[in-house]
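As structure tokens, the structure follows; a few thoughts come after it.
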Amino acid sequence: MMYTVSRRDLELIVQEVVSRCLDERGMLRSGSLPSQGDIAGAVRAEFARRDLHQVRLAEVIGRSIPTARARMRGIYAFQPGELEKVAAFLGMGVGDLLALAEHGARFTGRRNAEAVAPQDASTDLWAQPPRAIRPRRPSTGT
């Protein structure tokens, strides 16, 4: 008997398996995968450490340069196959790359930002400082 699985379902399965493996090894605190922005930040950091450019990323993942740039900025998420190619190119495993992403998220405080209480809703974020002077309009002379 042969089963067919959609690409999206396969991606979700891979994410769940990787998440569980990293969580069992103690590499993830929250039990979930890092966000696409955190993963993009880890890839950017590794490429910067090795003085590599976005054009090289496009060659590695087999996509266009604008797509590679969008992946590096975190606009589009890396696909599991692409992440494997990038990790192999950098000489590390996908788990190592995800661990770097999780570490970057902890280091920048993004994971802790959720725990911080939101600001008081009554505070106007666009209010002028107490001694700000309102600019004067030029007189029309009439």
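The values are calculated or read from the model by the stated rules, or taken from the named source; none is laboratory data. Not measured: the values here are computed from a predicted model. Counting neighbours? That spans all protein chains shown, and the Cβs are built from the backbone with ideal geometry, glycine included. These area figures cover heavy atoms from the full protein model, side chains too; ligands, DNA and RNA do not enter into them. Shrake-Rupley method; radii C 1.70, N 1.55, O 1.52, S 1.80 Å.
Remarks
- If you go through the stretch 75-127 and pick out every residue that is in a loop (DSSP other than H, G, I, E, B) and at pLDDT below 75, you end up with 15.
- Any hit, the stretch 128-135, residues being part of a loop (DSSP other than H, G, I, E, B), touching a Ser or Thr at 6+ places or on another chain (Cβ under 8 Å), open to solvent by 30 Å² or more (accessible area, probe 1.4 Å) and modelled with pLDDT under 90: no
- Pair list, Cβ under 7 Å, 6 or more apart: the stretch 71-87 residue touching a residue at least 60 places away in the same chain (Cβ under 8 Å), other residue crowded, with 16+ Cβ neighbours inside 10 Å and not acidic (Asp, Glu): PRO80/VAL14
- Residue count for the stretch 21-58, restricted to those that are modelled with pLDDT of 70 or more, part of a helix (DSSP H, G or I) and surrounded by 12 or more Cβ atoms within 10 Å (Cβ to Cβ): 16
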